[in-house]
């Protein structure tokens with residue numbers, strides 16, 4: 001196998017969490033973005049689910065973005081660069 005990029009193992013889990021549980025911001029918590037995760041969670045819960053559809057779409061898009069990035073780009077952008085949104 002090729003050289004593995006440290007941190008790249010989080011890409012698959014973060015992507016799947018974003019796609020499946022994005023409305024609750026679970027992927028944000030997984031990547032260490034507590035504030036962004038709380039925002040998504042609270043918007044989903046405090047709007048009685050109305051905001052969950054919007055947060056779900058954001059999570060879906062972010063999950064797809066995570067999975068389509070190369071390992072190097074994912075680590076550089078989201079783990080080292082700490083880019084919280086998209």
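Per the Cα gyration tensor, the range 9-80 maps to an equivalent ellipsoid with semi-axes of 22, 12, 8 Å, ordered largest to smallest. Mean sequence separation of contacting Cα pairs (under 8 Å, at least six apart), scaled by the length of the range 18-67, corresponds to a relative contact order of 49 percent. Taking Cα atoms only, the orientation of helix 34-46 departs from the longest principal axis of the chain by about 30 degrees. Using the rule -39500 (n - 2.57) for each DSSP H run of four or more residues, divided by the residues of the chain, the 222 nm mean residue ellipticity is -19000 deg cm²/dmol.
With contacts taken as Cα pairs under 8 Å at a separation of at least 6 residues, the chain carries a relative contact order of 37 percent.
Bear in mind that the values in this text are calculations on the coordinates, not laboratory data. Everything numeric here is computed off the predicted structure, so don't read it as measured data.
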